[in-house]
């Protein structure tokens, strides 16, 4: 029998104050990282980051709303008609406009088996709660 999972995004466990839904863990995905990111309007605090330490490349797929992604200091508009891939050592930062934006983020290390970060496992504490 085939293995499958069906789950409403808004019913998924979340961290970072509800901004990151643990889609990979909720669906039982083991081959790659998969999260749903819900960003509020006029977001500027999403951290600029890269994945040079873990070698992960990411693909961002906006499914609702629009905004911009800054890659290596250059801003690019993103919306549901746009898909973005960013390599491991490349800095990226997401900004929203006047409306909220939902983005599916897919990640993995080229040529290696996927190893999920502990914070993406079900039941793992919210990193924001640990800072309080």
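We did not get these values from a lab; they are worked out from the coordinates using the rules stated. Computed from a predicted structure; not experimentally measured. Counting neighbours? That spans all protein chains shown, and the Cβs are built from the backbone with ideal geometry, glycine included.
Some observations on this one:
- When the helices of the chain are scored as -39500 (n - 2.57) per DSSP H run of n ≥ 4 and the total is divided over every residue, the value at 222 nm lands at -1500 deg cm²/dmol.
- Residue separation of residue 27 and residue 99 scaled by 0.36 nm, minus their Cα-Cα distance, works out to 23.1 nm of gained length.
- Taking 0.36 nm per residue of separation and subtracting the current Cα-Cα distance, fully stretching the chain between residue 70 and residue 53 would add 4.2 nm.
- Alpha-carbon centroids, the range 58-85 and the range 87-106: separation in whole Å: 6 Å
- Global geometry of the range 11-111, whether rounded, prolate or oblate, following the gyration tensor of its Cα atoms and the 1.5 cut on a/c: oblate
- Maximal additional length on extending the residue 128-residue 10 stretch stands at 40.5 nm, based on 0.36 nm per residue less the C-alpha distance.
- Footprinting exposure proxy ranking of 4, 114, fewest other C-beta atoms within 10 angstrom first, gives 4, 114.
- Take every Cα pair under 8 Å whose residues are at least 6 apart in sequence, average their separation, divide by the length of the chain, and the relative contact order is 31 percent.
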